[in-house]
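The values are calculated or read from the model by the stated rules, or taken from the named source; none is laboratory data. As the structure is a computational prediction, the values presented were derived from the model and not from experiment. Cβ placement follows ideal geometry from the backbone for every residue including glycine, while neighbour counts extend to all protein chains displayed. Heavy atoms of the whole protein, side chains included, go into the accessibility calculation; ligands, DNA and RNA do not. Shrake-Rupley method; radii C 1.70, N 1.55, O 1.52, S 1.80 Å.
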Amino acid sequence: MTTTPTLQREAATAAQAASSSLPFYAEQGDECALFAQCHAQQLPLLIKGPTGCGKTRFVEHMAARLGRPLITVSCHDDLSAADLVGRHLIGNGSTIWADGPLTRAVREGAIVYLDEVVEARKDTTVVLHPLADDRRILPIERTGEQLKAPPEFMLVISYNPGYQNLLKGLKPSTRQRFTALTLNYPAPAVERSILEKEGRASPAVAARLVQLAQALRRLTDHDLEETASTRLLVMAARLASAGMGLRQACRAAVVDALSDDLDTVLALDEVVRAVVGDED
């Protein structure tokens, strides 16, 4: 007969195996609990945060944690409502309907993630409105269907507020349909742990890269569209762990990725030299 301690060990082993299969994500606060509650309460979620702070990895982590399939759409200027919902295609002398990613997600009860949604065409977000309120339906005008989203379906969108302007913003009529979550770059201790795990960096290298990021993020006298993201730090850490000099890794993965302007590159490289030294 199986004893209670044995059952407990088996449960702990299963939980550990499930945890190890999840995409790595270093939690910053209560964002995982908020995501899980939104899924349970059938609420759509808007994630705001700068480029490279972990928005996409967070969604991947939570989809796996909740055991739901994830469909990700990278939004762009040419993305139309038909690209999301679907369209009729001609093949073998007949016309067939092909579901778009949004329609597939509703049918499958998946989590659909629209990354950088403000990059899509203005008319695209209107398609989301009936899915993002109490109706939770997706009207498909070209087929006459009215798809009712199952309880497992979840709509998640994200954007970078730093890119917002008069031409690329989220309409209040769209924004107010979503629960909102703001992510930022992780606290230094958390960011160091990410670089050790994801970038295979030693504790000393991880600490210097985080120090560099903090110095670059404080810069205000250079016209940078973005600053040093956690994603760029991970790239630099991987190059360094593979044997490249730390300053050279930072130049390739961080400095040259942030700007093409020669004066700005030289100024950023001086910050790198001051923080990580001259060694290559």
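Mind checking which residues of segment 81-126 are open to solvent by 30 Å² or more (accessible area, probe 1.4 Å) and touching an Asp or Glu at 6+ places or on another chain (Cβ under 9 Å)?
107, 108, 119, 121, listed by residue number.
Mind listing whichever residues of segment 170-207 are assigned to a loop (DSSP other than H, G, I, E, B) and either on the phi > 0 side of the Ramachandran plot or open to solvent by 20 Å² or more (accessible area, probe 1.4 Å) (or both)?
Result: 171, 176, 177, 178, 184, 185, 187, 200, 202.
What are the residue pairs meeting all of these: first residue in segment 182-205, first residue without any contact (Cβ under 8 Å) to a residue 40 or more places away in the chain and under 21 Å from residue 30 (Cα atoms), second residue open to solvent by 40 Å² or more (accessible area, probe 1.4 Å) and among the hydroxyl-bearing types (Ser, Thr, Tyr), Cβ atoms under 8 Å, and 6 or more apart or on different chains?
That search, which allows pairs on different chains as well, returns nothing.
Among the numbered conditions (1) surrounded by 21 or more Cβ atoms within 10 Å (Cβ to Cβ); (2) at pLDDT below 95, tell me where residue 210 comes up short.
(2)
Kindly indicate which of 139, 161, 151 is open to solvent by 20 Å² or more (accessible area, probe 1.4 Å), over 21 Å from the mean Cα position of the chain (by Cα) and in contact (Cβ under 8 Å) with a residue 60 or more places away in the chain.
Only one candidate qualifies: 151.
Of the numbered conditions (1) closer than 20 Å to residue 23 by Cβ; (2) over 19 Å from the mean Cα position of the chain (by Cα); (3) of a type in the set (Val, Ile, Thr), residue 190 fails exactly one; give the number of that condition.
Going through the list (1) closer than 20 Å to residue 23 by Cβ; (2) over 19 Å from the mean Cα position of the chain (by Cα); (3) of a type in the set (Val, Ile, Thr), residue 190 breaks only (2).
What do you reckon, is residue 152 of a type in the set (D, E, K, R), modelled with pLDDT of 90 or more and either farther than 16 Å from residue 131 by Cα or in a helix (DSSP H, G or I) (or both)?
no
Hey, among the residues in segment 71-80 that are under 12 Å from the mean Cα position of the chain (by Cα) and open to solvent by 20 Å² or more (accessible area, probe 1.4 Å), which one's modelled with the lowest pLDDT?
Here the residue is 74.
I need the strands (runs of 3 or more DSSP E) fully contained in segment 58-138, keeping only those with at least 1 residues that are touching a Pro at 6+ places or on another chain (Cβ under 8 Å).
Of the strands (runs of 3 or more DSSP E) lying wholly inside segment 58-138, those with at least 1 residues that are touching a Pro at 6+ places or on another chain (Cβ under 8 Å) span 70-74, 111-115.
Could you run through segment 225-280 and say how many residues are assigned to a loop (DSSP other than H, G, I, E, B) and either hydrophobic (A, V, I, L, M, F, W, C) or within 27 Å of the chain's Cα centre (by Cα) (or both)?
9
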